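Undergrad: Starting off with a structure, shown below.
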Amino acid sequence: MTTLQDCLDRDAQDPLRGLRSLFTLPEGVIYLDGNSLGALPRASARRVGEMLTQEWGQGLIRSWNSAGWFDLPRRLGNQLAPLVGAGPDELVCTDSTSINLYKVLSAALDMARTDAPTRRRIVSERSNFPTDLYIAESLARERGLQLQLVEPEEILGALGPDVAVLLLTHVNYRTGAMLDMAATTAAAHAAGALTVWDLAHSAGAVPVDLKGAGADFAIGCGYKYLNGGPGAPAFVWVHPRHADRFRQPLSGWWGHATPFAFTPDYQPAPGTGRYLCGTQPMLSLAALECGLDTLQAAEPFGGMAALRAKSLALTDLFIERVEACCGGHGIGLATPREHARRGSQVSLTRIHPGQPEGPSGAYAIVQALIERGVIGDFRKGDGAAHPDILRFGFTPLYIGYADVWQAAEHLHAVLASGEWQAPRFQQTHSVT
Ligand SMILES: *Cc1c(COP(=O)(O)O)cnc(C)c1O
């Protein structure tokens, strides 16, 4: 049985422990929601302030050239690329995940159906993040195609000669379950389908090898494990074998081969330029750069492999402590125990003991934890097969072993005291 002292000892010996000082975290908070909004890097305020006062205030429009603004999406793309197994000049930071999905799914459908017009199905997971399903639904409707939603164990069986694109999220946002990208991509290719991978809960959280897996397209999020700040630009990656055929549906001028020639017709830029649409948010990109720097700071200590090893140790510890101290309170585990199938989060299910049909209390339990300074979040369930979830993300850059131990103790205290039943915890806010 792990004790608090064991955890303090592990923190003292952790080679990554110094990275926490790269972040500004409020006193008394154990932040287990970096999977939804990463913490604020210490460097961000100064960097964004400098761009605001110097580059914008003094440089004015000259900064598009002199401060390197115009190239920032590409430069940050190159900084991020090694974290997801992409090569130089293959990835670009731009727009939102939802918008990037629209671009790549549209381009992927064009490619797949030009080669084989009889491919009329898009396959995805029923429990994929809703925006992915909504965007796919809209593209399917526009083009008269069919969107087929399946359970994770049905994915491979759903592949067939009429599938154009397999659209999957690598790490599931609800359960934290991780798919085998290489094996799934190989199966899709064997069936003649292209793959689109959403890396929202993978980039900066788990090692990803897009090129090694032979993936076709990927998108991902800048404000989760990449610590880019609320609404940070997301990213797009296209395998170089498809780059020249990629037709951007949002063919804005930033994707043009010569944007400042101001020609009336669209000619896509060679390389990653064509994944862009219009003018990019420089202040947000500046904050994203500071977020990417926090991951780069882990390089001397073993980089993504070291972060992954610590992430697994933290999530293992949380599972162990919750199972040791929260028995009898209707708490279950939704996240796979097997390391190869787990992202960097632990999702607990909650079914009210004795009242399995009634409200689970999961939302109020999360609110009570937040009042105690342990910040996780709640994700609504969908019937008996998908109970309500208490979700905890573990960012090894700033979470330590003693934090995990304390978080499990707080969860036990909230459950054992029944304090979550207080009326103030029952009020639902617009963002959960
Ligand atoms: C967080 C998340 C998104 C977010 O999309 P936005 O366009 O940034 O709102 C998309 N897909 C998945 C799988 C996510 O987890």
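The values are calculated or read from the model by the stated rules, or taken from the named source; none is laboratory data. Nothing here was measured: the structure is a model prediction, and the numbers come from that model. Backbone-built Cβ (ideal geometry, glycine too); neighbour counts: all protein chains shown. Ligands, DNA and RNA are stripped out before the accessible areas are found, and what is left, the full protein with its side chains, is counted by its heavy atoms. Shrake-Rupley method; radii C 1.70, N 1.55, O 1.52, S 1.80 Å.
Undergrad: Has region 113-132 got at least one residue that is within 14 Å of the ligand (Cβ to nearest atom), closer than 27 Å to Gly255 by Cα and at pLDDT 95 or above?
TA: Residues of region 113-132 that are within 14 Å of the ligand (Cβ to nearest atom), as a first pass: 124-132.
Next, from what is left, pick out any that are closer than 27 Å to Gly255 by Cα: 131-132.
Adding the requirement that they be at pLDDT 95 or above leaves 131-132.
Yes, region 113-132 contains at least one residue that is within 14 Å of the ligand (Cβ to nearest atom), closer than 27 Å to Gly255 by Cα and at pLDDT 95 or above.
Undergrad: If you don't mind, there's one more thing I want to ask. Helices (runs of 4 or more DSSP H) wholly in region 1-80 with at least 3 residues that are of a type in the set (Lys, Arg) - which ones? Working first, answer last.
TA: Details: elements: 4-13, 42-50, 63-66, 72-80.
The qualifying helices (runs of 4 or more DSSP H) are 42-50.
Undergrad: Need pairs with beta-carbon distance below 9 Å; first residue of a type in the set (Asp, Glu) and within region 49-60, second not in a helix (DSSP H, G or I); sequence gap 6+ or separate chains.
TA: These pairs meet every condition: Glu55/Ala67; Glu55/Trp69.
Undergrad: Can you work out which of the residues in region 227-250 that are within 16 Å of the ligand (Cβ to nearest atom) and of a type in the set (Gly, Ala, Ser) is surrounded by the most Cβ atoms within 10 Å (Cβ to Cβ)?
TA: Gly228
Undergrad: Looking at Lys224, Lys211, can you tell me which residue is in a helix (DSSP H, G or I) and open to solvent by 10 Å² or more (accessible area, probe 1.4 Å)?
TA: Details: Lys224 fails: in a helix (DSSP H, G or I).
Exactly one of Lys224, Lys211 is in a helix (DSSP H, G or I) and open to solvent by 10 Å² or more (accessible area, probe 1.4 Å), namely Lys211.
Undergrad: Moving on. Would you mind finding the one in Asn78, Asn35 that is under 30 Å from the mean Cα position of the chain (by Cα), crowded, with 17+ Cβ neighbours inside 10 Å, without any contact (Cβ under 8 Å) to a residue 60 or more places away in the chain and within 30 Å of Gly176 (Cβ to Cβ)? Give the steps one after another, and end with the answer.
TA: Details: Asn35 fails: without any contact (Cβ under 8 Å) to a residue 60 or more places away in the chain.
Going through Asn78, Asn35 in turn, just one is under 30 Å from the mean Cα position of the chain (by Cα), crowded, with 17+ Cβ neighbours inside 10 Å, without any contact (Cβ under 8 Å) to a residue 60 or more places away in the chain and within 30 Å of Gly176 (Cβ to Cβ): Asn78.
Undergrad: Can you tell me which residue is surrounded by the most Cβ atoms within 10 Å (Cβ to Cβ) among those in region 4-24 that are over 28 Å from Cys325 (Cα atoms) and not aliphatic (A, V, I, L, M)?
TA: Taking the candidates together, the pick is Phe23.
Undergrad: Quick check on my filter: what residues within region 375-398 are crowded, with 19+ Cβ neighbours inside 10 Å and either more than 28 Å from Gln13 (Cα to Cα) or of a type in the set (A, V, I, L, M, F, W, C) (or both)? Spell out the reasoning first.
TA: Initially, region 375-398 is screened for residues crowded, with 19+ Cβ neighbours inside 10 Å, giving 375-379, 387-398.
Passing the criteria: Ile375, Asp377, Phe378, Arg379, Pro387, Asp388, Ile389, Leu390, Phe392, Phe394, Leu397.
Undergrad: Report, by residue number, each residue of region 361-399 that is among the acidic types (Asp, Glu) and over 25 Å from Pro41 (Cβ atoms).
TA: To start, the set of residues in region 361-399 that are among the acidic types (Asp, Glu) comprises 371, 377, 382, 388.
Answer for region 361-399, where residues must be among the acidic types (Asp, Glu) and over 25 Å from Pro41 (Cβ atoms): Glu371, Asp382, Asp388.
Undergrad: Any idea which of Gly229, Gly220, Gly278, Gly271 is modelled with pLDDT under 95, closer than 19 Å to Leu72 by Cβ and in the same structural domain as Leu80 (by TED's automatic domain parsing)?
TA: Details: Gly229 fails: modelled with pLDDT under 95; Gly220 fails: modelled with pLDDT under 95; Gly278 fails: modelled with pLDDT under 95.
None of the other options fit; the residue is Gly271.
Quick grid of which residues meet (1) under 21 Å from the mean Cα position of the chain (by Cα); (2) away from the ligand (no atom under 16 Å from the Cβ); (3) not assigned by TED's automatic domain parsing to the domain that holds Arg379:
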position	(1), (2), (3)
Leu145	no, yes, yes
Glu151	yes, yes, yes
Val163	no, yes, yes
Thr175	yes, no, yes
Met181	yes, no, yes
Thr195	yes, no, yes
His201	yes, no, yes
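Undergrad: Could you say whether any residue in region 328-348 is open to solvent by 60 Å² or more (accessible area, probe 1.4 Å), modelled with pLDDT under 95 and outside any helix (DSSP H, G or I)?
TA: The first filter runs over region 328-348 and keeps only residues open to solvent by 60 Å² or more (accessible area, probe 1.4 Å), leaving 328, 337-341.
With the extra rule that they be modelled with pLDDT under 95, the set shrinks to 328.
Keeping just the survivors that are outside any helix (DSSP H, G or I) gives 328.
Yes.
Undergrad: Just give me the residues in region 257-308 being open to solvent by 60 Å² or more (accessible area, probe 1.4 Å), of a type in the set (A, V, I, L, M, F, W, C) and closer than 30 Å to Leu37 by Cα, in sequence order.
TA: Leu283, Phe301, Ala305, listed by residue number.
Undergrad: Checking Thr184 against (1) in contact (Cβ under 8 Å) with a residue 40 or more places away in the chain; (2) crowded, with 19+ Cβ neighbours inside 10 Å; (3) in a helix (DSSP H, G or I): exactly one of these is not met. Which one?
TA: (1)
Undergrad: Ok, one more. Quickly run through region 38-47 and pick out the residues that are among the charged types (D, E, K, R) and open to solvent by less than 50 Å² (accessible area, probe 1.4 Å). Walk me through it before giving the result.
TA: Of the residues in region 38-47, the ones among the charged types (D, E, K, R) are 42, 46-47.
Hit for region 38-47 is Arg47, nothing else.
Undergrad: Another question, then. Kindly evaluate Leu109 against the criterion of being crowded, with 18+ Cβ neighbours inside 10 Å and either closer than 16 Å to Pro240 by Cα or not assigned by TED's automatic domain parsing to the domain that holds Asp216 (or both).
TA: Details: crowded, with 18+ Cβ neighbours inside 10 Å: yes; either closer than 16 Å to Pro240 by Cα or not assigned by TED's automatic domain parsing to the domain that holds Asp216 (or both): no.
Taking the combined requirement at face value, the residue does not satisfy it.
Undergrad: Scan region 206-232 and report the pairs whose first residue is of a type in the set (S, T, N, Q) and whose second residue is more than 11 Å from the ligand (Cβ to nearest atom), with Cβ atoms within less than 6 Å and a gap of 6+ or a chain change.
TA: Matching pairs, first to second residue: Asn227/Gly38; Asn227/Pro41; Asn227/Gly291; Asn227/Thr294.
Undergrad: Now a separate question. Quick check on Ser138: is it within 30 Å of Ala305 (Cα to Cα) and within 16 Å of the ligand (Cβ to nearest atom)?
TA: On the way: within 30 Å of Ala305 (Cα to Cα): no; within 16 Å of the ligand (Cβ to nearest atom): yes.
So Ser138 does not fit the description; no.
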